[in-house]
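Structure first, then comments.
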Amino acid sequence: MERYDPNTIERKWQGVWEREGAFTVPNPESPRGGDSDKKTYVLEMLPYPSGELHMGHVLNYTLGDVVAHLRRRRGYTVLRPIGYDAFGLPAENAAIKEGRHPRDVTNRNIAAIREQMKRMGWSIDWSRELSTAEPEYYRWTQWLFLKFFAEDLAYRREAFVNWCPNDQTVLANEQVIDGHCERCGWEVEARSLEQWFFRITAYADRLLEEMNLLESWPERVLTMQRNWIGRSEGAEVVFRIEELDIDIPVFTTRPDTLFGSTFFVVAPEHPLVARLAQGTPHEQEVLEYARHAAARPAVERADPEKEKTGVFTGHFVTNPVNDNRLPVWVSDYVLMEYGTGAIMGVPAHDERDFAFAQRFELPIKPVVVPADGEVEEGTAFIGHSGDEKLIDSAQFSGMSSTEAKEAIVEWLESRGRGRPAVSYRLRDWLLSRQRYWGCPIPILYCDECGMVPVPEEDLPVLLPEVEEYLPKGRSPLAAAEEWVNTTCPKCGGKARRETDTMDTFVDSSWYYLRYCDPRNGEAPFDRAIVDYWLPVNQYIGGIEHAILHLLYARFFTKVMNDLGLVDFREPFARLFNQGMLYYHGAKMSKSKGNVIVPDQYVDRFGAEAVRLYVLFMGPAEADKEWQDAGIEGMFRFLGRLWRLGLEVAGGEPNGVPASGPLVRRAHETIAKVTDDIERRFQFNTPIAAVMELVNDIYHAKDDPARAAEVRFATETAVSLIQPYVPHLSEELWERLGHERLWSTPWPEADRALLERETFELVVQVNGRVRDRVEVPVGLSEDELIARAKTLPRVQPYLDGKDVKKAVVVPGRLVNLVV
RNA sequence: GCGCUGGUGGCGGAAUUGGUAGACGCGCAAGGUUGAGGGCCUUGUGGGCGAAUAGCCCGUGGAGGUUCAAGUCCUCUCCAGCGCACCA
């Protein structure tokens, strides 16, 4: 018999698909009238072309491929594009190392990845392929930036920013992990620099509220985003320094504890620090402390375990609720970036303030007590119920915490000393980078006109050629003098170009829209086409993008909705995070050197054994350990299916309508596979189900009387496994005398055949299984109990005992309680 | 410290609504096919007692509980992974 030769089969069908444009999907003629109920946009996160495709990608794209194939065969028009997140530091670093242009490195990597993807046989519409580093694409990234700029959603300001001394560039907050650069692991410094920001904080509430528009997102991703946004309701309370005639507001979530405030703290970076220190005996000490604190590494400063530090300024603020004078301190446990950069110290009810008060022997004054029970000694009493009672708080004493919050803020508001306020942990998105390989920011600086956006018709602002990519703390673009020096489009005078480039997360915040209309030269996309395809029905990617990419993309979509560019507010209706792959007990990563590249396995077992194995390994969302032996099992199964297919194809095509137990098994398998993929998003169990069917067929295939059954069941197995192994199944389908399985309607389970005439009744005595017996369906409960009692293996347990109770689960079991 | 997710044979895992624990695959063992090996086909394979393909007992990290019935629900606890963590 002809051997199963995956490489020949795979190459053959990949050629056919390409020639026939099997997975190319044109946009609807009139997208506005398109039936969006019959479309599916399946999207996987676009790869960063870092060199090679690894098994994590293989899992990601194979998942999407199964969904796409199934959807197509169920009558949907499926959009399934691919592209490359092509700008970014790794290509630039590789370029520096190899002495080549980042573009060459990137294009070489893209070519390699494309080759690998084609070899895997994914059903991608290659006509929509895009790269974010091509001028045809980044032109529109710049265009969008200008739209944001016009709306004041992109702005420039001097700010303390995260600076990575190794990569010589700034980082967004989201790219700093435990005070270290996400990419290279160096300790991040705080530096005050002029930088570009997107005003994502203006959308904080909508990013929270509009989560309810999402159909199906993992709860943990939503939680992570909620935590990241960190919305806190509270009040702004204005304290006053009489002798300096200045008001300092603070933000607090606990206005009910205002009477317990015994000190006041401002952040070392607070703009009033210098004035507070001026002329006091503490001046030198304060300024020294502020300078020192600002220069401290962020990691060290942010460690809650370390002892609190701080200095007294010599000044006092007046507490607006009781006119108490509170000493003003400077301490680095107060952050300039959150709230107002100043706090009221309430040591009795805040752990951090408690620690500070203990360190500097400041008074601790409890003003809230539990409704019942005792306060633990030596800690701050927080209280979470809201029922806690106020004491020593003037007219508010006796109120519950919840009542007092409202009453005190109201009282303050009536005196102009406070108001309700909301604070967020989320900061504006720092988007400028001092690196070469990114999208240039389309802004000019004119001596006369100031900051001037590049006119739309002058886009794209192309990346200039430079000699040297090595970062030196300023953008390498600054060296391209001819490019930097230009004329002002407003006044015609001298102007200089912005030399920073954009964070690559800007590029990937809208790529899913460009796929809809990738060759549009007039606009980033046609609105009607985008409105037809979006939202993405199923987005698939790694959990590592739970915050960064997904939050940014949601933000971009909301802004574009406000600008009238799109008519939806959330880009991704359903999100799925596949699990991480481990090898030899560790997360696969380049630095650990345990990345598995598919090629070696594709060479030996074919792409389809690899595709099958990544899905068979376990639940798609779970982290899993790659095992070489596992893939051999898949190869064996495919060989088994191959031989079965050839054997059946070589037999008589049987026109007699098939019936029998195998036909029923086939229909049960159809129901299981369809339900598992479509409803349960479970990909491993359908494979097991088809394997079971194949095993059953093997037991019947040598009986000539069952040839029709065997043929039907075999064809069903081939059809059901097609989304997983489209090449092999296509080949067998052809040999079985059919054409184009990829566009053959997905089989439907025959309800009538699923109905059974008998079932196996499980008989338990006192909850323990004692026997099983095949009985007809439709027996009454009493009849089932009677049948159960007569069973010889059950009888000994009933001997001489009364059956006190009998529980019947229809169609399943009888439990006799004695 | 707080939050989330998970813990099932030698291994990866299945068990969908509280109803037969261990599907399917790997590994291992036996038989068949074969000149041999590989491959393929068939059978067996959670643990214990047992000659047994007779039967019984134990068994889903641990301890309790609810229930006729618990891998599944509840309480406590241990372990692992992930997220957050001076955010007022």
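The values are calculated or read from the model by the stated rules, or taken from the named source; none is laboratory data. Given the structure is predicted, the values throughout are model-derived calculations rather than measurements. FYI the Cβ positions are ideal-geometry reconstructions off the backbone, even for glycines, and counts take in every protein chain you see. In case anyone asks, the SASA skips ligands and DNA or RNA and just uses the protein heavy atoms, side chains included. Shrake-Rupley method; radii C 1.70, N 1.55, O 1.52, S 1.80 Å.
Return P(r) of segment A:683-793 (all Cα-Cα pairs; 10 Å bins starting at 0; whole %; ordered from short to long distances).
Taking every Cα pair in segment A:683-793, the percentages come to 11, 29, 25, 20, 11, 3.
Any idea what log10 I(q)/I(0) is at q = 0.17, 0.24 Å⁻¹ for segment A:1-108, Debye with uniform C-alpha scatterers and no solvent?
-1.01, -1.27
Calculate I(q)/I(0) for segment A:232-423 by the Debye formula, one identical point scatterer on each C-alpha and no solvent, and give its log10 at q = 0.13 Å⁻¹ to two decimals.
Log10 I(q)/I(0), no solvent term: -0.67.
Tell me, how many Å apart are the Cα centres for segment A:507-554 and for segment A:323-362?
Segment A:507-554 and segment A:323-362 have Cα centres spaced 45 Å from each other.
Tally up the carbon and sulfur contribution to the accessible surface of segment A:628-753 as a whole percent, 1.4 Å probe, everything protein left in place. Spell out each step's value before the answer.
Working: 2680 of 5280 Å².
Solvent-exposed carbon and sulfur of segment A:628-753 make up 51 percent of the total.
A:P464: net charge of surrounding residues, Cβ under 10 Å, Lys/Arg +1, Asp/Glu -1, itself excluded?
Spelling it out: positives minus negatives among the neighbours equals -2.
Please compute the net charge surrounding A:P747, taking Lys and Arg as +1 and Asp and Glu as -1 over other residues with Cβ under 10 Å from its Cβ.
-2
Using a cut-off of under 13 Å, list every residue of segment A:340-369 whose amide N is near the label point 7 Å from the Cα of A:D392 along the Cα-to-beta-carbon line.
A:346-349, A:363-369
Given points 7 Å out from each Cα along the Cα-Cβ axis, report the A:D5 to A:N520 separation in nanometres with one decimal.
4.8 nm
If amide hydrogens are placed 1.01 Å from N in the peptide plane, which non-local residues have theirs closer than 5 Å to the one on A:Q682?
Under 5 Å from the amide H of A:Q682 lie the amide H atoms of A:I677, each far enough along the sequence or on another chain.
Over segment A:636-721, give the accessible area per residue in Å² for a 1.4 Å probe, as an integer.
42 Å²
Just to check I understand the Karplus step: with θ = phi - 60° and J = 6.51 cos²θ - 1.76 cosθ + 1.60, what whole-Hz values come out for segment A:17-28, glycine and proline as x?
These are the phi-based 3J(HN,Hα) values: 4, 5, 4, 8, x, 4, 10, 7, 10, x, 6, x Hz.
Tell me the per residue accessible area of segment A:185-272 using a 1.4 Å probe; a whole number in Å² is fine.
Heavy-atom SASA per residue in segment A:185-272 reads 40 Å².
Take the alpha carbon atoms of segment A:9-26, find their center, do the same for segment A:786-818, and report the distance between the two centers in whole angstrom.
When both Cα centres are located, 60 Å separates them.
Give me the 1.4 Å probe accessible area per residue for segment A:294-371, excluding ligands and nucleic acids, in Å².
Accessible surface, normalised per residue, equals 45 Å².
What Kirkwood hydrodynamic radius do you get for segment A:628-753 when you take the inverse of the mean 1/r over all pairs of distinct Cα atoms, in Å? Before the final figure, lay out each step's value.
On the way: mean 1/r = 0.0680 Å⁻¹.
About 14.7 Å for segment A:628-753.
Give me log10 I(q)/I(0) at q = 0.26, 0.28, 0.30 Å⁻¹ for segment A:350-403, Debye formula, one equal scatterer per alpha-carbon, no solvent.
-1.05, -1.12, -1.18
Using a 1.4 Å probe and counting only protein heavy atoms, arrange A:L59, A:L272, A:L462 so the residue with the most accessible area comes first.
A:L462, A:L272, A:L59
If you average the alpha carbon positions of segment A:106-141 and of segment A:382-411, how far apart do those two centres end up, in angstrom?
60 Å
Can you tally the net charge around A:R415? Count Lys and Arg as +1, Asp and Glu as -1, for every other residue whose Cβ sits under 14 Å from the Cβ of A:R415.
With Lys, Arg at +1 and Asp, Glu at -1, the net is -2.
Relative to the first principal axis of the alpha-carbon coordinates of chain A, what is the inclination of helix A:707-721, with its axis defined by its Cα atoms, in degrees from 0 to 90 and to the nearest 10?
With both axes taken from Cα atoms, the answer is about 10 degrees.
Considering the Cα positions of chain A, please state its Rg to one decimal place and its Dmax as a whole number of Å.
Expressed in Å, the Cα Rg and Dmax of chain A come to 33.9, 110.
Would you please put A:279-290, A:396-407, A:329-340 in order of how densely packed they are, using the mean number of other Cβ atoms within 10 angstrom per residue and starting with the highest?
Per-residue mean Cβ counts within 10 Å order the peptides as A:329-340, A:396-407, A:279-290.
Starting from the Cα-Cα distance between A:V769 and A:E136, subtract it from 0.36 nm times their residue separation and give me the gain in nm to one decimal.
Values: separation 633, 0.36 × 633 = 227.88 nm, distance 6.89 nm.
Working it through step by step, the gained length comes to 221.0 nm.
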